Structures are given as C-alpha cells and as structure tokens.
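A.B. asks: Okay, here's the structure, questions in a sec.
Nothing in this text is a laboratory measurement; each read-out follows from the coordinates by a stated rule. None of the values given here were measured: they were computed from a predicted structure. Here the Cβ is made from the backbone with ideal geometry for all residues, glycine too, and neighbour counts use every protein chain on show.
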Amino acid sequence: MAEGHDFTVLVCGGGNAAQVACGMFSHRYKTIAVSFFADEAAKWKAALGSSDFELTLMPLEEGATPKVIKSKPHDITNDPKVAAQADAIILVVPSFAHGEYFEKFAPYMKPGTIVATMPARSGGDLVFNKMLGDKAKDMIFCGFETLPWACRFTEWGKKATILGIKNSIIGAVTPPSKTTYAMATLQGLVGVTPWLQESPNNLGISMRNPGMIVHPGVMYGRWNPEVWDGKPKDSKPLFYQGVDDYTANVLEQMTKEAQATCRKMEELCPGLSLKDACTLQQWYMDCYDGQMSDTSSLKACMNTNKAYDGLTHPCKEEGGKFMPDLKYRYLAEDVPTGLCFAKGLAEILEVPTPMMDKVMTWAQGCIDLEILIDGKMCGKDIAQTRAPQGVGITTLKAFKTAAKIDCAEGGSCVVS
C-alpha cells in the first residue's frame, strides 16, 4: 500500500452478503461498493441516501443483546475504474458473475492487488487466469470455500442482520509466496472470526465446495417427482433444518462420490494433497462447531445449526400458498459452477457418480440447460459451466496443465 493512501477495499455485489461485507468493512476502512448488475448500484445508493448502513450481529449467548454497527461506504458505483484505487477486491457475487468482474477490472488493477472470492466455488482460479491473461501473474488471487456469514436483509440497501458467523473457513492463495500477507490482510477485514485458514491448493477448495452438494442436493430431496406431488405448500419449508432422512441420504451419497474423486486424483498425482476437500459432515464440524446442538450425523448437524434458524426454501407465493423457485441460485448457480466441476473431474478420472448424475439430470431440466447426456458431460450447454469439458479439457494431462499441477514421475506434486 502506498504511503499516504488509505487502505481501500472494493466489495463487489449488491446481495445479502455484499451489503453485510460493506457494512462491516466501512466501519474501519475506505470501502467502495461495486455492482455491475443492471442499475443495482444506483438503487442501493438512492436507498441509503445520507443515512448510515445498519448491521445487526446476533449473539450466540442466550439473552444477550445484539450488536449494532453503523457505517457508510465511501461510494456505491458501477464504474470499473475504481479498481485502480483498490488494495483488496472482495467478490461476494454469484460465481457465474466472477468472469465479468475480472474482465472489467483487469485494465485498471495495480500490481499486488489482492482479489478474494467468497465463495470461489469450483474452478475459480481457472476463470481468474483466463480473464486476466498475462496480468494474472502480478496479482494475488485468494479462493475461499464459502461465505464467512449466514445473513439476511432486514431492509434492502439500509439494514441487514448476521445470523451466524462460521468458526473458520479455508482459502488458497496464488502465488503461495504471498499467503501470509494476503491472509493477514483479509483476516483484518473480517475480524476475529471466522479464522481464515490456508489450504494447500485451489483444487482442494474447488472440491470442498459445500454449495455444490448442499444446495442442489437439498432442493432435489424436497422437490423431485419421487417425493413431491407438484402441489403448492401452505408455508415455505425449512431448508437446512428441514432436511429429512431421504434428503440426508442424497447428500451423503453425493459427498461420497466427491470423496472418491479426490482419492483417485491423489492416487494418480503422488504428493498432491486434497486433505481439505473433506466430507460434508466434517465441513459442518469445521465451520460451525459449537453452533450445533447435535453433531451425531449430517442430518443432525444441519437440523440443529443455530446459524440456520428460520432459513427456508426459495419459494414464490401463488394464491396465498407457495411453490418452489426452481430457478433460484441454489440450482442456477451451484449446478453449473459447482456440481458440474466435480462431475466433470470424476468423469475424467473414471469415477462413477450415480447420485450426482441423478441430481444433475433433474436440475438441468429446472434451469433449462443441457449439460449431461446419458451420464456424460457432453450437452450443448456444457460451455456455460465450469466443468473441465466446458473448456475442452477431457484428459488428466490437460486438466493438470490448466490447474498448474506438476507431478513428476516418482516425485512429489507441486501446485504453482
């Protein structure tokens, strides 16, 4: 950071998490909110007006008074040129929008800028390198597994609430030599919790991605034709806390298939560590330990997680009743940018994925994409996903080259 220059952070997006991040960071640092979505930036700026943004943090202790933070961003804009001021750029937008932000910021970004995606979802580093080209080598890319918080608006553009803060989240930094600097800077932004922990490589982050399993899996478990009669519900079903035995089995089978893919990759690339790509239940234990009253099973972890209190399935109201929103980001984002990556890598490694196939076949019909045909990642819309096949990668050798994984025969594996 240059002398005489206030540390400046760009927060990208205008949704729940972006407004929460902006509220938190503005309290201490020069913070500029950026949204390229339609006229969202102008609407947010108008909604906030001259008022402070009000952020409420719900306590874990029973009966404790919530904390309230009031702050105001330096600016809210859709001008990509503000990237020239940034020391750190935090993307808390849907992962399908990452490429647009990378591409628009690229001409203005200064060397050494920290670019953090929360979450990166799967293959985020590959998208970053593609969009910035040769300039990517002068930047610091950080891919995080998930958002730091569970949060919701209380009044759009003006007020939001943090329902729960994860205990820890992991991220991978490229280049590795900048890990300490990048992690310390970002820890200063988010606060004491969650603890930002280093992961060995971005492939581990890609395969750890909880959203690629939880979101499509829970949607499938509630709304697929085997279990839903197609009729409206009297109320919105609970999402995480409403997971039943049927849905838990779907999630468990999907996470087992992801684990099998990781183990096969490690077997074929001696020395490669995908240790952070853990099971879904272990992810809950890592991120929400102390916030769940029962951790005996995956279902129990989700049902008793205090951070999920009251969170419901995305629904649309029709005549006083509720129908599922099957084009919500839980399918529209997490299938193309998450599940497709895992399935695509599994296909390259010849790992069978019957439950992933079942969920994806149903989900692609909901979001009007043709991705999977007869169990193969060869549909006409494959290029709209982050599947390796979407960029023409169909062999292990090609995948290792794109992911910068160098496994010398008989030696250790190096991720650059």
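A.B. asks: Using 1/(1 + (r/R0)^6) with R0 = 35 angstrom and r between the beta carbons of Glu370 and Lys231, what's the FRET efficiency to the nearest 0.05?
C.D. replies: Working: r = 28 Å, r/R0 = 0.80.
So the FRET efficiency works out to roughly 0.80.
A.B. asks: Taking just the alpha-carbon atoms of segment 1-64, what radius of gyration and Dmax come out, in angstrom?
C.D. replies: Reported Rg and Dmax, both Å: 14.2, 45.
A.B. asks: What's the local net charge at Pro324, with K and R +1, D and E -1, over the other residues with C-beta under 14 Å away? Intermediate values should be presented prior to the final figure.
C.D. replies: On the way: positive: Arg222, Lys231, Lys233, Lys236, Lys316, Lys321, Lys327, Arg329; negative: Asp229, Asp234, Glu317, Glu318, Asp325.
Value of the local net charge: +3.
A.B. asks: Moving on. When the distances between all Cα atoms of segment 37-158 are binned every 10 Å from zero, what whole-number percent does each bin get?
C.D. replies: 11, 35, 33, 17, 3, 0
A.B. asks: Per DSSP H run of at least 4 residues, take -39500 (n - 2.57); add these up for the chain, divide by its residues and hand me the 222 nm value, nearest 500 deg cm²/dmol.
C.D. replies: Values: 14 runs with 141 residues, N = 416.
One gets -10000 deg cm²/dmol as the mean residue ellipticity at 222 nm.
A.B. asks: Give me the extension gain from Thr395 to Ser168: residue separation times 0.36 nm, minus the current Cα-Cα distance, reported in nm with one decimal. List each step's numbers first, then the result.
C.D. replies: Values: separation 227, 0.36 × 227 = 81.72 nm, distance 3.44 nm.
Between Thr395 and Ser168, full extension yields an extra 78.3 nm.
A.B. asks: Next question. Just from the alpha-carbon atoms, what are the Rg and Dmax of segment 300-416 in angstroms?
C.D. replies: Radius of gyration, then largest Cα-Cα span, for segment 300-416: 18.2, 65 Å.
A.B. asks: If you take the charge dipole of the chain about its Cα centre, with +1 on Lys and Arg Cβ and -1 on Asp and Glu Cβ, which of Leu60, Thr361, Ala342 is farthest toward its positive end?
C.D. replies: Leu60
A.B. asks: A follow-up question, please. Suppose R0 equals 30 Å; then what is the FRET efficiency for Met285 and Tyr246 from their Cβ-Cβ distance, rounded to the nearest 0.05? Mind dumping the intermediate values first?
C.D. replies: Details: r = 23 Å, r/R0 = 0.76.
For Met285 and Tyr246, the calculated efficiency is 0.85.
A.B. asks: As a test, work out the antiparallel percent of DSSP beta bridges whose residues both lie in segment 1-151, rounded to the nearest 5. Walk me through the numbers before you get to the answer.
C.D. replies: Working: 5 of 25 bridges.
Roughly 20 percent of the DSSP beta bridges within segment 1-151 come out antiparallel.
A.B. asks: Convex hull volume of the Cα atoms in segment 32-75, per residue, in Å³? Please report the intermediate quantities before stating the final value.
C.D. replies: Values: hull volume 4.3 nm³, N = 44.
Roughly 97 Å³ of hull volume per residue.
A.B. asks: What does the charge count around Tyr108 come to, taking other residues whose C-beta lies under 14 Å from its C-beta (Lys +1, Arg +1, Asp -1, Glu -1)? Walk me through the numbers before you get to the answer.
C.D. replies: Details: positive: Lys81, Lys104, Lys110, Lys135; negative: Asp79, Asp87, Glu103, Asp138.
Around Tyr108, the charge tally is 0.
A.B. asks: Using the membrane-span-like helix rule (whole DSSP H runs, Cα extent along the own axis of at least 18 Å, mean Kyte-Doolittle hydropathy at least -1.0), which helices of the chain qualify? Display every interim value, and only then the final one.
C.D. replies: Working: long enough: 245-268 (35 Å, -0.84); 354-366 (19 Å, -0.02).
TM-like helix candidates: 245-268, 354-366.
A.B. asks: Then there's this: Amide H of Gln197: which non-local residues (sequence gap of 5 or more, or other chain) have their own amide H closer than 5 Å, using H built in the peptide plane?
C.D. replies: Amide H neighbours of Gln197, under 5 Å, 5+ apart: Ile169, Ile170, Gly171.
A.B. asks: In the neighborhood of Ala248, defined by Cβ-to-Cβ distances under 14 Å, what is the net charge if each Lys or Arg adds +1 and each Asp or Glu adds -1?
C.D. replies: -1
A.B. asks: Report the paramagnetic label zone for Phe153: residues of segment 321-344 whose backbone N is under 16 Å from a point 7 Å from Cα along the Cα-to-Cβ axis.
C.D. replies: Once the point is set 7 Å along Cα→Cβ of Phe153, 329 turn out to lie under 16 Å by backbone N, inside segment 321-344.
A.B. asks: Determine the dipole magnitude for segment 173-307: charges of +1 sit on the beta-carbon of Lys and Arg, -1 on that of Asp and Glu, nothing else is charged, the reference point is the Cα centre, and the result goes in debye to the nearest 20. Before the final figure, lay out the partial values.
C.D. replies: Values: 12 positive and 14 negative charges, 58 e Å.
Magnitude of the dipole: close to 280 debye.
A.B. asks: Out of the DSSP beta bridges found with both residues in segment 1-85, what percent are antiparallel (nearest 5)? Write down the numbers at each step before the final one.
C.D. replies: Working: 5 of 13 bridges.
Percent antiparallel among DSSP bridges in segment 1-85 is about 40.
A.B. asks: Now for a separate question. The chain: longest stretch without exposed GluC sites (Glu not before Pro) (DSSP loop, at most 12 other Cβ within 10 Å), sites themselves excluded? Kindly include the intermediate steps, with their values, before the conclusion.
C.D. replies: Details: sites that count: Glu3, Glu61, Glu62, Glu226, Glu350, Glu409.
Here the longest segment lacking exposed loop sites spans 63-225.
A.B. asks: Given Cα pairs under 8 Å that are at least 6 residues apart, what percent is the relative contact order of segment 53-177?
C.D. replies: Values: 200 pairs, mean separation 31.2, N = 125.
It rounds to 25 percent for segment 53-177.
A.B. asks: Using DSSP to call loops (not H, G, I, E or B), can you name the trypsin sites (Lys or Arg not before Pro) in segment 14-74 whose Cβ has at most 16 other Cβ atoms within 10 angstrom?
C.D. replies: Numbers: sites: Arg28, Lys30, Lys43, Lys45, Lys67, Lys70; in loops: Arg28.
Answer by residue number: Arg28.
A.B. asks: If you take every DSSP beta bridge fully contained in segment 91-227, what fraction is antiparallel? Give it as a percent rounded to 5.
C.D. replies: On the way: 10 of 19 bridges.
So the antiparallel bridges amount to about 55 percent of the total.
A.B. asks: Looking at Gly188, Asn224, Ser26, which one has the Cα that reaches farthest to the positive end of the dipole of the chain (charges on Cβ: Lys, Arg +1; Asp, Glu -1)?
C.D. replies: The one lying farthest along the dipole's positive direction is Ser26.
A.B. asks: With the Cα gyration tensor of segment 174-271 giving a ≥ b ≥ c as the square roots of its eigenvalues, does the rule (a/c under 1.5 for rounded; else a/b larger than b/c for prolate; else oblate) give rounded, prolate or oblate? Don't jump to the answer; show the numbers that get you there.
C.D. replies: Values: a/c = 4.01, a/b = 1.65, b/c = 2.42.
Oblate is the answer for segment 174-271, as a/c is 1.5 or above yet b/c matches or exceeds a/b.
A.B. asks: At a Förster radius of 35 Å, what calculated FRET efficiency corresponds to the Cβ-Cβ distance of Val68 and Thr180, to the nearest 0.05?
C.D. replies: Numbers: r = 33 Å, r/R0 = 0.95.
Calculated value: 0.55.
A.B. asks: At most 14 other Cβ atoms within 10 Å and a DSSP loop assignment: could you name the trypsin sites (Lys or Arg not before Pro) in segment 229-327 that fit? Spell out each step's value before the answer.
C.D. replies: Numbers: sites: Lys233, Lys256, Arg263, Lys264, Lys275, Lys299, Lys306, Lys316, Lys321, Lys327; in loops: Lys275, Lys327.
When the trypsin sites (Lys or Arg not before Pro) of segment 229-327 are filtered for loop state and at most 14 Cβ neighbours within 10 Å, Lys275, Lys327 remain.
A.B. asks: Also: Using the basic label-point model (7 angstrom from Cα toward the beta carbon), what is the Lys43 to Leu60 distance in nanometres?
C.D. replies: Label at Lys43, label at Leu60, 3.6 nm between them.
A.B. asks: Next question, about the same structure. For the chain, what does the relative contact order come out to in percent, with C-alpha contacts under 8 Å and a separation of six or more?
C.D. replies: Values: 803 pairs, mean separation 55.5, N = 416.
Answer for the chain is 13 percent.
A.B. asks: With a cut-off of at most 10 other beta carbons within 10 Å, and DSSP calling the residue loop, which chymotrypsin sites (Phe, Trp or Tyr not before Pro) in segment 302-365 qualify? Please list them. Walk me through the numbers before you get to the answer.
C.D. replies: On the way: sites: Tyr308, Phe322, Tyr328, Tyr330, Phe341, Trp362; in loops: Tyr328.
Here no loop site has a sparse enough neighbourhood.
A.B. asks: So for the chain, what are the equivalent ellipsoid semi-axes in whole Å, largest first, each being the square root of 5 times an eigenvalue of the Cα gyration tensor? Don't jump to the answer; show the numbers that get you there.
C.D. replies: Details: eigenvalues 188, 163, 84 Å².
For the chain, the semi-axes come out at 31, 29, 20 Å.
A.B. asks: If you build a Gaussian network model of the chain, linking Cα atoms that sit under 10 Å apart, which residue out of Gly310, Gly338, Gly217 swings the most?
C.D. replies: Gly310
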